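The values are calculated or read from the model by the stated rules, or taken from the named source; none is laboratory data. These figures come from a predicted structure and were not determined experimentally. Glycine gets a Cβ as well: all are built from the backbone with ideal geometry, and neighbour counts include every protein chain shown. What goes into the accessible areas is simple: the full protein's heavy atoms, side chains included, and nothing from ligands, DNA or RNA. Shrake-Rupley method; radii C 1.70, N 1.55, O 1.52, S 1.80 Å.
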Amino acid sequence: MPSRRTVLKSFAAAAALSLPRLSLAQVPGAHRFVLVVLRGGLDGLAAVPPVGDPQYGARRGALALSANEALPLDGFFALHPSLEKLHAAYARGEMLAIHATASPYRNRSHFDGQDLLENGTTRPHAATDGWLNRTVAALGGSGAAALAVGQTVPLVLRGDIAVANWAPSVLPTPDEAFFERLGDLYSNDPVFGPAFAEAMRTQDMGGAMDGRRPGRGAAAFGTMATVAGRMLSEPSGPRLAVMEMGGWDTHANQGTVRGRLANNLAGLDAGLDKLRLALGSAWPETVVVAVTEFGRTAAANGTGGTDHGTAGVALMVGGGVRGGRVVADWPGLASGDLHEGRDLRPTLDLRSVFKGILADHLSVGNAALDRSVFPDSGGARPMPGLVLP
């Protein structure tokens with residue numbers, strides 16, 4: 001079977017896209033919401049280090065940031081030095097970190113963790129649509145326009161409601177439906193069907209983990225952010241958008257103030273600021289949240305990196321964010337406080353974060369949040385006070 005790269009080259013001319021003129025229904029209200037999915041497992045203890053925890057230095061070892069290296073926040077938490085623009089947003093009251101948070105997932109598989117993060121249920125592969133598509137439905141269907149910025153529409157935006165999709169022309173990517181049709185063609189073949197599905201799944205996920213898949217690395221993120229901001233800034237444009245960034249699976253040579261993770265954080269930081277600039281006068285009405293499928297181990301491994309963990313950090317930024325603070329029910333880093341003796345223990349449910357934003361920023365009703373957007377999630381109450389009234 002030819003590789004996906006070979007197939008992509010064959011369809012490059014047909015796949016080239018230019019900035020579209022979107023024709024979308026006017027959305028009531030001016031509020032915008034952007035979800036950024038950080039694929040691969042961001043190390044939350046590196047991005048927002050708890051420098052005030054007495055166990056922090058010993059637990060992190062060579063990966064610990066000193067008080068002189070980190071950017072101070074509230075005296076207990078700090079920011080990685082690559083996140084300078086987010087630090088400035090924090091000072092303006094436009095950036096909020098939510099720490100020790102996780103989805104209901106606990107088994108440390110990228111594939112299943114991302115699926116559950118996006119499908120909005122309590123089990124991987126329990127739904128074929130995503131919670132943000134169901135949000136669009138709750139907001140009135142096609143009247144609440146949504147945009148996927150990237151080569152494909154991620155699971156979180158897939159579902160009954162049609163959404164817009166844009167990718168830059170420099171990424172020679174055919175429509176993802178082409179590969180879906182190939183999958184359908186082979187679906188009943190007992191040999192080729194499972195092999196094709198697993199090959200596509202592994203290649204897609206693997207490329208996203210380390211940022212190799214075109215359009216999902218730090219270099220492309222800034223371009224994506226600028227385009228997303230311009231589209232969202234249009235009075236008749238979309239109000240919801242999803243972007244993705246890979247490269248967070250730092251098993252080896254993670255680094256501290258320099259290195260692989262620092263470079264990726266700098267790309268995220270620059271991209272989020274480009275989103276702010278492109279949104280212009282719409283920025284005060286915007287909430288952006290960057291999340292990942294799970295955090296990473298509290299201690300370094302033997303190759304200077306970290307392995308798949310559990311709790312991590314969610315980053316919120318925007319003119320509509322009630323920021324200038326860190327929200328955390330901090331569990332501590334002592335051995336007895338860790339999840340299974342190795343991971344930061346989750347104390348806040350990511351669904352509560354999402355529900356708080358959707359309820360207070362987009363006016364999605366509690367009944368819809370509990371029953372359709374996040375099915376059977378009555379125990380995860382919407383987190384109040386994340387956004388400005």
Condition met for A311 (over 17 Å from the mean Cα position of the chain (by Cα) and either touching a residue at least 40 places away in the same chain (Cβ under 8 Å) or within 27 Å of H31 (Cβ to Cβ) (or both)): no
All positions within region 129-181 that are part of a helix (DSSP H, G or I) and either crowded, with 16+ Cβ neighbours inside 10 Å or at pLDDT 90 or above (or both): W131, L132, N133, R134, T135, V136, A137, A138, L155, V156, L157, F179
Only listed residue being touching a residue at least 40 places away in the same chain (Cβ under 8 Å) and under 17 Å from L155 (Cα atoms), chosen from E118, E94, E84: E118
Hits in region 336-370 - residues which are open to solvent by 20 Å² or more (accessible area, probe 1.4 Å) and either modelled with pLDDT under 95 or part of a loop (DSSP other than H, G, I, E, B) (or both): E340, G341, R342, R345, P346, T347, S363, G365
Subset of region 14-50 (residues that are at pLDDT 85 or above and open to solvent by 50 Å² or more (accessible area, probe 1.4 Å)): H31
Whichever residue in region 99-123 is touching a helix residue (DSSP H, G or I) at 6+ places or on another chain (Cβ under 6 Å) and part of a loop (DSSP other than H, G, I, E, B) and, among such residues, is nearest to V327 (Cα to Cα): S103
Only one of L268, L277, L261 that is within 22 Å of V34 (Cβ to Cβ), open to solvent by less than 10 Å² (accessible area, probe 1.4 Å) and under 21 Å from the mean Cα position of the chain (by Cα): L268
Of all residues in region 54-96 being touching a helix residue (DSSP H, G or I) at 6+ places or on another chain (Cβ under 7 Å) and part of a loop (DSSP other than H, G, I, E, B), the one that is surrounded by the fewest Cβ atoms within 10 Å (Cβ to Cβ): A64
Enumeration of residues in region 379-389 that are modelled with pLDDT under 95 and open to solvent by less than 50 Å² (accessible area, probe 1.4 Å): none
Flag if R59 is within 25 Å of the chain's Cα centre (by Cα) and at pLDDT 95 or above: no
Among (1) surrounded by fewer than 18 Cβ atoms within 10 Å (Cβ to Cβ); (2) touching an Asp or Glu at 6+ places or on another chain (Cβ under 7 Å) - the single one T303 does not satisfy: (2)
Residue ID - most open to solvent (accessible area, probe 1.4 Å), chosen from residues in region 113-128 that are out of contact with any strand residue (DSSP E or B) (no Cβ under 9 Å at 6 or more places or on another chain) and among the polar types (S, T, N, Q): T128
Qualifying residue in region 282-292 (condition: on the phi > 0 side of the Ramachandran plot and either surrounded by fewer than 21 Cβ atoms within 10 Å (Cβ to Cβ) or out of contact with any Pro (no Cβ under 6 Å at 6 or more places or on another chain) (or both)): no
Single match in S335, S372, S363 (criterion: without any contact (Cβ under 8 Å) to a residue 24 or more places away in the chain and hydroxyl-bearing (S, T, Y)): S335
